[in-house]
1. What is the spin-label model distance, in nm, from Gln40 to Ser2 if the labels are put 7 Å beyond Cα along the C-beta direction?
2. Treat the range 3-115 as a sphere of radius equal to its Kirkwood radius over Cα pairs and apply Stokes-Einstein at 10 °C in a medium of 1.306 mPa s; give the translational diffusion coefficient in µm²/s, rounded to a whole number.
3. In nm, what is the difference between 0.36 nm times the number of residues separating Tyr72 and Lys22 and their Cα-Cα distance?
4. Of the listed pairs Lys22/Lys94; Lys71/Lys94; Lys71/Lys115, which have alpha-carbon separations greater than 27 Å here?
5. Could you let me know the centre-to-centre spacing of the range 8-27 and the range 44-74, using Cα atoms, in angstrom?
6. What is the dipole size for the chain, taken about its Cα centre, with +1 at each Lys and Arg Cβ and -1 at each Asp and Glu Cβ, in debye to the nearest 20?
7. Kindly provide the trypsin sites (Lys or Arg not before Pro) of the range 16-118 that DSSP labels as loop, not H, G, I, E or B, and whose Cβ sees at most 13 other Cβ atoms within 10 Å.
8. Which whole-number percent is the relative contact order of the chain (Cα, under 8 Å, 6+ apart)?
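Just so it is clear, none of the values below were taken in a lab; they were calculated from the coordinates. Being a predicted model, the structure only gives us computed values, none of them experimental. Note that we place each Cβ from the backbone using ideal geometry, even for glycine, and neighbour counts take in every protein chain shown.
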Amino acid sequence: MSTILIVDDSRTMRKMLAGSLKNAGLEVIGNAGNGIEALQFLETNTPDLVTLDITMPEMDGMEALKQIREKYPDQKVIMVSAAGQKDKIMEALKLGAVDFIQKPYDPDVAIETIKKFI
């Protein structure tokens, strides 16, 4: 079974995405509220995929993506962004994110996007 780490500062968004993924038969093995927590999780766990919100406190998704690419170059990361962050999405794709999901997300579109990479 494919495993996923959800990183988002909104607890509600993490729960909603986790519920959608579980209903689709995917396993969420962890969640984090910012980039620092995500990097700590990745020190001892190897999910098949990370969903990474762009805007978060303490360490945002862009900085977390840079550090993930340095430390775990094979880690697949899908960015999650709010509408109006097109420049950030393009930058994230250049930095190595495999795709993006736009908030507010459609569960079917999110699952389809994630399943392309696991």
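1. It is 2.8 nm.
2. In µm²/s, the coefficient is 117.
3. 15.5 nm
4. Cα-Cα > 27 Å for Lys22/Lys94; rest within.
5. Here the two parts' Cα centres lie 17 Å apart.
6. Dipole of the chain, to the nearest 20 debye: 180 debye.
7. Lys116
8. Relative contact order of the chain: 24 percent.
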